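The values are calculated or read from the model by the stated rules, or taken from the named source; none is laboratory data. Keep in mind that this is a model prediction, so the values were computed, not measured. No Cβ is skipped: glycine too gets one built from the backbone with ideal geometry, and neighbour counts run over all protein chains shown.
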Amino acid sequence: MPSTVATPQTAPDPDATARRWPPIIWAALIGTFTIRAFGFAYPFLPYHANSLGFSAHMTGWIVASFGAGWLVGQVGCGWLSDRFGPRATLGYAMGAATVTLPVLAEVQSPVALLATTFLTGVVYDAARPVITALIDDTFPTKAQRVLVSGWRHFCVNVGAALTGSLGGYLAGAAGLPTLFWINACACALFGLAAVLLLPPPPRSRRAGPGLDCSRPSYSDALRDSRLWLLSLVSLCALTCAGSVFTALPMLMSSDGLDATAYGWTQVANAAAVLLLSPFLTPWLSRRAAQGEPMTGLLAASSILLGIGMGLAGLADSTIGYCLAAAAAVPGEIILFIAAGDLVSRLAPPGAHGRYAGLWGSNLALAVIAAPLLAAWSLDHGGGITATWVICGTGVLGAVLCWPLHSSIRTTDASSPQSPSRADRTAR
């Protein structure tokens, strides 16, 4: 049992304690990289629908079905993580993915494909709110949580870059259905590792509903105005960030650039992540250790993303688009770390999964919004319009950070144990 006697030593540097992270955290990071690197289902879904002879209109519905499942999965898995713990949630979600992905590879009728696509969307990103809650429950200080979350984001980005390059090669060599089978195997391995390595939930989580009435519910979270403001800010910033994967191919196609050119933009994006993450992540963890809300950094990230992806509207060559994809990376890194820290700050005890799940639903909405805005821009002025729309979206997100910051500070001032004070006590 740890001693409660205060000592005069300074707070430890989170970088120096990285090697002492629990094995379950290393397993979570490795698992995150694995399911993202082999997460072929979403990026290659349109190609799969086209190979089956579906029209562009039907393909749009299929992709939208995946996005709807993604939104439901974030909310549902956040609740399951709070209710039953990370081990059970990841085990069941990855088990479901192991079943649905092979079915997705083989079905050919429109109705079956729509239904299976929706179910695949539910479990595709199920690990995000679960691992967020796991990190929050494992580390007592904000600096540690931010550092681990930063490296988790690093794993996601590097894995996503590998998805495109590796998937393109495997699709040509073995066919598109093989990609979905490989995705299923990766999910099966991660689910098995979660069951074997993660601890069981505390007894309070296993108690019956009548014995656990104090746990915050989704209705409580939905009444939190701060979470709504954070979601609106994040949706604006994520719409800009999502343009790297959704709007960018549309803009490049309008300039006559093929899929190979788009692949180079993903290489540029991944290279920027590899270069900047080792510098930005420790710096952001030290900023988090100061205990102040990271709303200013969140606003900066929204502006950086708006400007970075706004440059894509002015580009007309592969090099120009590569520069835009790389320019968006600083804002992307700051966004996920700052937003993750704020979600952790807002969530009451026992509700980290719910809050993370509700925030994660903005990812699904952004994936839908980004191509719609790009399509509208291309129909109403082309690249110049896209630049103004993307930049304006980023600026809107930054402006919304002002009432968010005021709301958080007001709540902290009225709370007897504010997050910053609790963090200093933990250290």
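General remarks:
- Among the residues of the stretch 334-342, some residue qualifies, meaning at least one is at pLDDT 90 or above, more than 25 Å from GLY60 (Cα to Cα), touching a Pro at 6+ places or on another chain (Cβ under 8 Å) and in the same structural domain as THR246 (by TED's automatic domain parsing).
- For SER377, the requirement of being part of a helix (DSSP H, G or I), small (Gly, Ala, Ser), at pLDDT below 90 and farther than 30 Å from GLN144 by Cβ is met.
- Flag if ALA261 is out of contact with any Ser or Thr (no Cβ under 7 Å at 6 or more places or on another chain) and assigned by TED's automatic domain parsing to the domain that holds ASP341: no
- With respect to the conditions (1) more than 23 Å from LEU248 (Cα to Cα); (2) at pLDDT 90 or above; (3) not polar (S, T, N, Q), GLU292 lacks only one, and its number is (2).
- Residue in the stretch 137-160 that is touching a helix residue (DSSP H, G or I) at 6+ places or on another chain (Cβ under 7 Å), under 21 Å from LEU29 (Cβ atoms), of a type in the set (D, E, K, R) and surrounded by fewer than 21 Cβ atoms within 10 Å (Cβ to Cβ) present: yes
- Residue in the stretch 317-325 that is part of a helix (DSSP H, G or I) and within 19 Å of the chain's Cα centre (by Cα) present: yes
- Those residues of the stretch 76-99 which are aliphatic (A, V, I, L, M) and surrounded by 20 or more Cβ atoms within 10 Å (Cβ to Cβ), in sequence order: LEU80, ALA88, LEU90, ALA93, MET94, ALA97
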